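What follows is one structure encoded as structure tokens, with my remarks underneath.
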Amino acid sequence: MKITSQFSVEDFERIKQFILKKGNRKTYRNFDNNNPFYDFGKFQGYLGADIGQQNIYNDPKISDFNELTLKDNDHYYKILIVRKGDILASKKGIQNGMQENEVYFVDVYQERLDKAPDLLLEYLNLIKAIN
């Protein structure tokens, strides 16, 4: 689901830089390790590498980050940015129909939703307000 109008490419890049600068490292899944992480209070934000397990330790010197997962006690919300050139480069997570220079909510449970969950939108608004 495209959410660029609620969370822009610029918003994604700004939050990614914030997490890399102000955050710590924490593993939250079995897929990779040492994810850049920031605790926003109500939820945590984790970055995932755009080349997947080829950068299993999420080293920013090896690759960029195209995935932002917002996690609270009950939910995982996966946000994916598709940058210019990502489709041709077959970056991790890109699905058929996605377009470059867009941000997407990717439902990891494969449920079809008509709109982004209200709680996700609340979390996105909270992180957009961070300077």
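The values are calculated or read from the model by the stated rules, or taken from the named source; none is laboratory data. Because the structure is predicted, anything quoted here is derived from the model rather than measured. Cβ placement follows ideal geometry from the backbone for every residue including glycine, while neighbour counts extend to all protein chains displayed. Note: accessible area is taken over every heavy atom of the protein model, side chains too, but ligands, DNA and RNA are not part of it. Shrake-Rupley method; radii C 1.70, N 1.55, O 1.52, S 1.80 Å.
Points to keep in mind about this one:
- Here Gln44, Gln53 are screened, and the one residue that is in contact with a Lys or Arg (Cβ under 6 Å, 6 or more places away or on another chain), touching a residue at least 12 places away in the same chain (Cβ under 8 Å) and more than 17 Å from Gln6 (Cα to Cα) is Gln44.
- Filtered by the rule that a residue be open to solvent by less than 10 Å² (accessible area, probe 1.4 Å) and either of a type in the set (Phe, Trp, Tyr) or outside any loop (DSSP other than H, G, I, E, B) (or both), region 22-60 gives Asn35, Pro36, Phe43, Gly45, Tyr46, Leu47, Gly48, Ala49, Gly52, Asn55.
- Total residues in region 1-16, condition part of a loop (DSSP other than H, G, I, E, B), touching a residue at least 12 places away in the same chain (Cβ under 8 Å) and open to solvent by 20 Å² or more (accessible area, probe 1.4 Å): 4
- Ile19 vs. criteria surrounded by 13 or more Cβ atoms within 10 Å (Cβ to Cβ), among the aliphatic types (A, V, I, L, M), assigned to a loop (DSSP other than H, G, I, E, B) and out of contact with any Lys or Arg (no Cβ under 8 Å at 6 or more places or on another chain): no
- All positions within region 119-131 that are of a type outside the set (Val, Ile, Thr) and either modelled with pLDDT of 90 or more or in contact with a His (Cβ under 7 Å, 6 or more places away or on another chain) (or both): Leu119, Leu120, Leu121, Glu122, Tyr123, Leu124, Asn125, Leu126, Lys128, Ala129
- Look at (1) basic (Lys, Arg); (2) surrounded by fewer than 21 Cβ atoms within 10 Å (Cβ to Cβ); (3) in a loop (DSSP other than H, G, I, E, B) and you find that Lys78 fails only one, number (3).
- Among the criteria (1) modelled with pLDDT of 95 or more; (2) touching a helix residue (DSSP H, G or I) at 6+ places or on another chain (Cβ under 7 Å); (3) more than 18 Å from Ser8 (Cα to Cα); (4) of a type outside the set (Gly, Ala, Ser), the one Lys91 does not fulfil is (2).
- Screening Asn66 against (1) at pLDDT below 95; (2) under 16 Å from the mean Cα position of the chain (by Cα); (3) not aliphatic (A, V, I, L, M) leaves a single unmet condition, (1).
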